[in-house]
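Enquirer: Below you will find the structure I want to go over with you.
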Amino acid sequence: MRILVVEDEPTLAVQLDRALTAAGYAVDLADNGRDACHLGEQEPFDAVVLDIGLPLMDGISVLKRWRAAGRTMPVLILTARGEWHEKVAGIDAGADDYLTKPFHMEELLARLRALIRRAAGQASAELRCGPLVLDTRGGRAMVAGQALALTSHELRVLSYLMHHPGEVVSRTTLTEHIYAQDYDRDSNTIEVFVARLRKKLPPGLIETVRGLGYRLSCPD
Amino acid sequence: MPGLKPCADDRGVAPAGAEGSLRRRLLLGTLAWILASLLVAGWGLGRLFQQHVERQLDAELGTHLNQLAAALALDADGRPQREPALSDPRFVRPYSGLYWQIDRIETPGELAAQRALLRSRSLWDAVLSVPADALADGELHVHRVEGPDGQALRMIERVLRPAERPEQALRLILAANEALVDAPVARLHGVLVLALGVLAAGLAGAAVVQLRLGLAPLARLRDALAAVHQGRRSAIEGRFPSEIQPLVDEFNAVLARNAEVVERARTQAGNLAHALKTPLSVLANAAAGDEGALAKLVAEQVGLARTQVDYHLARARAAAAAGLPGQRTPLRPVLEGLLRLMDKVHAERGLQLRIVDCAPALAFRGEVQDLQEMLGNLLDNACKWAATTVELRCQQDGEHLYVLIDDDGPGLPEAAREAVFARGARADEHAPGSGLGLAIVRELAELYGGSIALEASPLRGVRAALRLPAG
C-alpha cells in the first residue's frame, strides 16, 4: 500500500512518514500543493493524507483537481483550523474523512486503514483469504492462528493482493504500490517477494497469470 | 462572557414615537401656522369690513344730520318751529332703526339739563337719552346708546348754535340701529369663515401631501434599515436624496468595514490556530512514541493547550460576528452540507441521517460559519452516540428558529445533562473529541440570544434542542 503524505511542516511530515512506514506503507512526501497535485495525478496511491493549509496551492484546490482528473483514491484531510465550513468544503471537494490537528497518530492510522479497506470494498478490519488472515490494524498476517514472519516488502505485496482478491495484479502495479517514487524500483524484485511469500503461505493462494501478473485466489 | 450580551433584540429600528415622529412634528407645526395665519387674516378682514361699514353708516348719519340742520326752522325764541321733513321714509316708520332728535342745551358748554324738543316719528314715544358730554361747536360725536325696543343704536350728535339766538344751542342727534352694521358684518363673517375654512382644508391637505412626498425617502430608508437588520440585505440599497445619501453611504461603509473586520478577525484566528496546532501535533506525536514521564506530561499539556486554543479561537470568532447586522443564513443548505460530511465520516457505521422536517424557507439571523459551528458540533455529537439513526427537524415559531437533533443512542441521565456543557467535559473519556463542542455551541447560541438544551429524545437517545433567532 502506497500513501501520499502532503504536509508542509517538515517535522510533522517526518513523523507521519515514520509512523506510516512503520505501519507497513510505502510513503511519498510532498511539502507544497503544486507538487502534491502533480504526484497525485500521475502516481497510483492507495490513500492520501492531505493538509489543507499548503504553500503554492491549498489542499482543497489540489483535491478538486484530482477528483476532476478522475483520481478516486481515498483522501484524509488534516485541518488545523477545526472550522466546520472547512471540513464541509473538504468533504464537498471529494475528501473521504478529516482529522483535526493536533491528532493522535493511532487515530490517523486507524482512519487510514478504514479508508483503504472501504475503497477496496472490504468491510472488516480483518481481511480473509481461506486460512490466511490479514489484520490491517496490527499489520500482521496469520495462517490458522499462526503469525507469519514477513518482511515489510513482503507484507506490502501481500496486503495489496489481500485488498484486491480475485483481481489480476500486474507486476508494474505491485511495484507502484509498494515503493515510494524515489525508491530504486526494480520490477524483478517483485518476483523475489512473491516467491518468498509463496513459501510462507499455504500453496496455491497466489496464482501466476502468464504475461499479466498475479492473482490471489481464495478457496471458499 | 461579561460585557457582551446578546444584542440582537435591542437593535431594532426605533419605533415611531420614540423621539416623536418627524412627520407628526412637521405636520403639527405646519397646521398650527396655517391655523394661526388664517385666524389673524380672518379677524383682520372682519375688523376692516366692520370699520368700513361703520364709516359708511357714520357718513350716512352725517348726511342726514346735515339735512336735519338744513331743514330746521327756528321761531323767535330759537325753538324749532315744526318738524323738519327728511327724505328717508325710515324716519317716519316707527322703530324703523333710523331716528333723529333735537335737544335743547340750557347752558352753553355745560350740560345742566336736557329736553327733547323734537323727535322723528320713528322714535314714537321713546326718547333718546344722550350721554352727558360737552361738545364744541360743529364737533361730531359718536356714541353707542340704547334706543327704543331695546335696539342698540349708533348715534352721532352735533351742537347747532342758531345765528339768531347763539346762546340757545341745540343738540342735533341722528341714530341708527347697529343691526344695520351688524347684519352685513355677520353676512361677511359667514362668507369669510367658509372661504377661510376651505382655504385651511386645502392648505392642510397640501401640507400632508407635501410631507408625505418629502419624507418618503425616510420611510424607504427605514424599510431598507429593517431589511439590513433582519439580514435580508447586507447594505442599504437604492439612491436617496442628497440630504440623506451621505448618511446612507457612511452607514454602508461602516457595515462593509464591520464585515471586513470580522472576516479579518476570523482569518487571523484561523491562521493563529494553524500556526499553533501544527507544532502541537508535532509535540504530541513526538511524545506518543515515548513512555517517559516527560512524554506523558507533554501529551497531557498538549491536550490542554489544544482545548484552550480551540475554545478561545471559537469564542473570538463568534464574538466578532454575533450581532453584526445584515446577516441571514438559510438553514437547509448548511444542514445538508453537514449531513454530507457526517455521512462520509461515519460511512463505516451505516448511520441513517435524516432531515425529517425542514422547510427550505427557514433561515437563521446570523453568520453562516457560526451556524455551521453550532450544528456541526451537535450533529457530530449525535452521530458519535447514535446506534443507527439521527433525525433532524427545524421549525419556526415567530421570532425563533428551533433545530431539534435526535439520536437513538444510550441517552444521557437528566442529572448529567447540564454538566456536559462545561468546558472540557466529556461524557465518555475514551471517545474522540476535545469535549469543547457543547460549550462552544452554548456560547455561540447565547451570543445570538438563543439557547441550547439537551432533552430525552423520542428515539430513546438524546435530543439537542437549539433555539436561534429566525432570519
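Enquirer: Can you give the convex hull volume per residue for the Cα atoms of the stretch A:23-109, as a whole number of Å³? Walk me through the numbers before you get to the answer.
Expert: Working: hull volume 7.7 nm³, N = 87.
For the stretch A:23-109, the hull spanned by Cα atoms encloses 88 Å³ per residue.
Enquirer: Calculate one ³J(HN,Hα) per residue across the stretch A:90-98 by plugging θ = phi - 60° into the Karplus curve 6.51 cos²θ - 1.76 cosθ + 1.60, and present them in order as whole Hz with x for glycine and proline.
Expert: Result, ordered by residue: x, 5, 5, 7, x, 6, 9, 6, 9 Hz.
Enquirer: Moving on. Nearest 0.05, what FRET efficiency do B:Glu60 and B:Arg222 give at R0 = 56 Å with Cβ-Cβ as r?
Expert: 0.30
Enquirer: Relative to the first principal axis of the alpha-carbon coordinates of chain B, what is the inclination of helix B:368-385, with its axis defined by its Cα atoms, in degrees from 0 to 90 and to the nearest 10?
Expert: Orientation of helix B:368-385: about 40 degrees from the principal axis.
Enquirer: When the Cα atoms of the stretch B:252-326 are enclosed in a convex hull and the volume is divided per residue, what value in Å³ results?
Expert: 61 Å³
Enquirer: Okay, next question. Let a ≥ b ≥ c be the square roots of the eigenvalues of the Cα gyration tensor of the stretch B:71-177; is it rounded (a/c under 1.5), or, if not, prolate (a/b larger than b/c) or oblate?
Expert: oblate
Enquirer: May I pose another question? What are the extents of the Cα atoms of the protein assembly as shown along their three principal axes, listed from largest to smallest and rounded to whole Å?
Expert: On the principal axes, the protein assembly as shown reaches 182, 52, 48 Å in Cα extent.
Enquirer: With a ≥ b ≥ c the root eigenvalues of the C-alpha gyration tensor of chain A, is it rounded (a/c under 1.5), prolate (a/b larger than b/c) or oblate?
Expert: In terms of gyration-tensor shape, prolate.
Enquirer: Also, quick follow-up: How much of the DSSP bridge set in the protein assembly as shown is antiparallel, in percent, rounded to the nearest 5?
Expert: Of the beta bridges lying entirely in the protein assembly as shown, close to 75 percent run antiparallel.
Enquirer: Let me ask something else about it. So if each residue of separation counts as 0.36 nm, and I subtract the Cα-Cα distance between B:Arg165 and B:His52, what length gain in nm does that give?
Expert: In short, 36.9 nm is gained.
Enquirer: Another question, then. Per residue of chain A, what 222 nm ellipticity follows from adding -39500 (n - 2.57) for every DSSP H run with n ≥ 4, rounded to the nearest 500?
Expert: -12500 deg cm²/dmol
Enquirer: Hey, rough spin-label estimate for B:Ala347 and B:Ser242, points 7 angstrom out along Cα→Cβ, what's it come to in nanometres?
Expert: 6.5 nm
Enquirer: Moving on. Just to confirm the number: angle between the C-alpha axis of helix A:152-163 and the first principal axis of chain A, 0 to 90 degrees, nearest 10?
Expert: Taking Cα atoms only, the helix is inclined about 90 degrees.
Enquirer: Relative contact order (percent) for the stretch B:252-326, with alpha-carbon contacts under 8 angstrom and 6 or more residues of separation? Provide the component values of the computation, followed by the final result.
Expert: On the way: 36 pairs, mean separation 34.1, N = 75.
Relative CO of the stretch B:252-326 lands at 46 percent.
Enquirer: What does the average come to when, for each residue of peptide A:95-105, you count the partner chain Cβ atoms lying within 10 Å of its Cβ?
Expert: Taking the mean over all residues of the peptide, I get 6.
Enquirer: To check you understand DSSP bridge types, tell me what percent of the beta bridges within chain A (both residues inside) are antiparallel, rounded to 5.
Expert: Of the beta bridges lying entirely in chain A, close to 50 percent run antiparallel.
Enquirer: With each label point set 7 Å from Cα along the Cα-Cβ vector, what nm distance links B:Glu399 and A:Glu43?
Expert: For B:Glu399 paired with A:Glu43, the spin-label model returns 5.9 nm.
Enquirer: Right, another one. Taking each residue in B:282-294, count the Cβ atoms of any other chain within 10 Å of its Cβ, then average. What number comes out? Intermediate results must be reported in sequence, preceding the final value.
Expert: On the way: counts 9, 3, 7, 12, 3, 0, 5, 5, 0, 0, 0, 0, 0.
The per-residue average across the peptide is 3.
Enquirer: So, R0 is 41 Å and r is the distance between the beta-carbons of A:Asn32 and A:Glu126; what FRET efficiency does that work out to, to 0.05?
Expert: 0.65
Enquirer: Here is a follow-up. What percent does the relative contact order of the stretch B:94-228 come to when contacts are Cα pairs within less than 8 Å and at least six residues apart?
Expert: Reported as a whole number, the value is 21 percent.
Enquirer: Taking each residue in A:51-61, count the Cβ atoms of any other chain within 10 Å of its Cβ, then average. What number comes out?
Expert: On the way: counts 3, 1, 7, 0, 0, 0, 0, 0, 0, 0, 0.
Average neighbour count from other chains, rounded to a whole number: 1.
Enquirer: At q = 0.14, 0.19, 0.21 Å⁻¹, what log₁₀ I(q)/I(0) does a Debye calculation on the Cα points of the stretch B:327-471 give, no solvent, two decimals?
Expert: -0.60, -1.16, -1.42
Enquirer: Which residues' amide hydrogens lie under 5 Å from the amide hydrogen of B:Ala456, considering only partners 5 or more residues apart or on another chain, with H built in the peptide plane?
Expert: So B:Ala456 has HN proximity to B:Arg463.
Enquirer: Separate question: How large, in Å, is chain B by the Kirkwood hydrodynamic radius built from its alpha-carbon pairs? Could the numbers behind the result be given before it?
Expert: On the way: mean 1/r = 0.0313 Å⁻¹.
Here the Kirkwood hydrodynamic radius works out to 31.9 Å.
Enquirer: Quick check: the angle from helix A:10-22's long axis to the longest principal axis of chain A, C-alpha only, nearest 10 degrees?
Expert: It is inclined by approximately 20 degrees.
Enquirer: Here's something else I'd like to know. Starting from 0 in steps of 10 Å, tell me what percent of the Cα-Cα pairs of the stretch B:238-292 lands in each bin.
Expert: 20, 22, 18, 15, 11, 8, 5, 1
Enquirer: Where does chain B land at 222 nm, in deg cm²/dmol rounded to the nearest 500, when only DSSP H runs of n ≥ 4 count, each adding -39500 (n - 2.57), divided by all residues? Kindly include the intermediate steps, with their values, before the conclusion.
Expert: Values: 7 runs with 218 residues, N = 471.
Rounded to the nearest 500, the figure is -17000 deg cm²/dmol.
Enquirer: Can you quote the Å³ per residue value for the convex hull of the Cα atoms in the stretch B:20-69, rounded to an integer?
Expert: About 31 Å³ per residue, rounded to a whole number.
Enquirer: Residue by residue through the stretch B:404-421, what is 3J(HN,Hα) from phi via Karplus (6.51 cos²θ - 1.76 cosθ + 1.60, θ = phi - 60°)? Round to whole Hz and write x for glycine and proline.
Expert: With the stated coefficients, the stretch B:404-421 comes to 10, 10, 10, 10, 10, x, x, x, 9, x, 4, 5, 8, 5, 6, 5, 6, 7 Hz.
Enquirer: Right, something else. May I ask you to derive the relative contact order of chain B, considering only C-alpha pairs under 8 Å and at least 6 residues apart, and to give it as an integer percent?
Expert: Answer for chain B is 12 percent.
Enquirer: Also, quick follow-up: Whole-Hz ³J(HN,Hα) for each residue in the stretch B:227-241, computed from phi via Karplus 6.51 cos²θ - 1.76 cosθ + 1.60 with θ = phi - 60°, x for glycine and proline: what do you get?
Expert: Karplus-based 3J(HN,Hα) across the stretch B:227-241 equals 5, 5, 4, 7, x, 6, 9, 9, 8, 6, 9, x, 9, 10, x Hz.
Enquirer: Just grab the label-to-label distance for B:Leu117 and B:Arg23, each label 7 Å out from Cα along the Cβ direction, in nm (one decimal).
Expert: About 7.8 nm, to one decimal.
Bear in mind these aren't lab numbers, they're just calculated from the coordinates by the rules spelled out. Please read these numbers as outputs of a predicted model, since none were measured by experiment. So basically every Cβ, Gly included, is an ideal-geometry build from the backbone, and we count neighbours across all protein chains shown.
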